[in-house]
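Worksheet: one structure, shown below.
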Amino acid sequence: MNQAQGNIRWHPAAITAAERERSKGQRGAALWFTGLSGAGKSTIAAIVDHRLHAAGRHSYILDGDNLRFGLCKDLGFSPADRAENIRRIGEVARLFVDAGLIVLCAAISPYRRDREQARALVGAGRFIEIFVDTELAECERRDPKGLYRRARAGEITGFSGIDAPYERPEAPELRLVGGPSSGPDALAEQVLAHLLAQHILTGT
């Protein structure tokens, strides 16, 4: 234990997580969208967020790229930095869930161990792993940021699915099969249906 840890203690809030949930009429949950770059994670998360907002729900997006402009701007893409990146997103997600919000985390998060650590932070029953299962060939065809082209040319290294691993989820709560025949709106509907089935939106 370092000196700082020895000088701090947890200060409990006057309002419980259950009270915050009751005031919102929903259960706090972290929807963790994982998949290759270009799989459609951010697009699907944005549609779900928009529909939740339109329905009067309380949600927020933690997008992996966006967080690298601020909270995680000091991190690179080494395995250690990726692990720290996911740890930080998981810690922030835990706070949002405690506040009774539905937080949509869209990040490649290529390593199972890191995703499981995020699950442990958020807590059982509150972490919903959503695997956006889009084939590598389709992700490369889309290549929205031109990253696959640069990775294939050797201009960038450590790119998940090319010269760095992507460990597929073994038992995600929800698997969305992306591709030319399944648009993001239809996949977003699957997410919303899952939230209803799990009573996230009813708060019961």
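For the reader, a short list of remarks on this structure follows.
- Test: residue in the range 65-87 that is under 17 Å from Arg126 (Cβ atoms), buried (at least 19 other Cβ atoms within 10 Å of the Cβ) and either among the acidic types (Asp, Glu) or under 12 Å from the mean Cα position of the chain (by Cα) (or both): yes
- Restricting the range 181-204 to residues that are touching a helix residue (DSSP H, G or I) at 6+ places or on another chain (Cβ under 7 Å) and not in a helix (DSSP H, G or I), the residue that is modelled with the lowest pLDDT: Gly203
- The range 136-170, residues that are assigned to a loop (DSSP other than H, G, I, E, B) and more than 21 Å from Ala45 (Cβ to Cβ): Gly146, Ala153, Gly154, Glu155, Ile156, Thr157, Gly158, Phe159, Ile162, Asp163, Pro165, Glu170
- Residue in the range 25-32 that is modelled with pLDDT under 95 and farther than 26 Å from Ala164 by Cα present: yes
- Taking residues in the range 87-106 that are in contact (Cβ under 8 Å) with a residue 60 or more places away in the chain, and partners anywhere that are open to solvent by 30 Å² or more (accessible area, probe 1.4 Å) and aromatic (Phe, Trp, Tyr), the pairs with Cβ atoms closer than 7 Å and at least 6 places apart or on different chains are Phe96/Tyr60; Leu101/Tyr60; Val103/Tyr60; Val103/Phe96.
- In the range 166-180, the qualifying residues are those that are open to solvent by less than 70 Å² (accessible area, probe 1.4 Å) and modelled with pLDDT under 95, and the one that is nearest to the chain's Cα centre (by Cα) is Gly178.
The values are calculated or read from the model by the stated rules, or taken from the named source; none is laboratory data. On a predicted model such as this, the values are computed, not experimentally measured, just so you know. Cβ: placed from backbone, ideal geometry, glycine included. Neighbour counts: every protein chain shown. Just the protein is used for accessible areas: all its heavy atoms, side chains included, with ligands, DNA and RNA removed. Shrake-Rupley method; radii C 1.70, N 1.55, O 1.52, S 1.80 Å.
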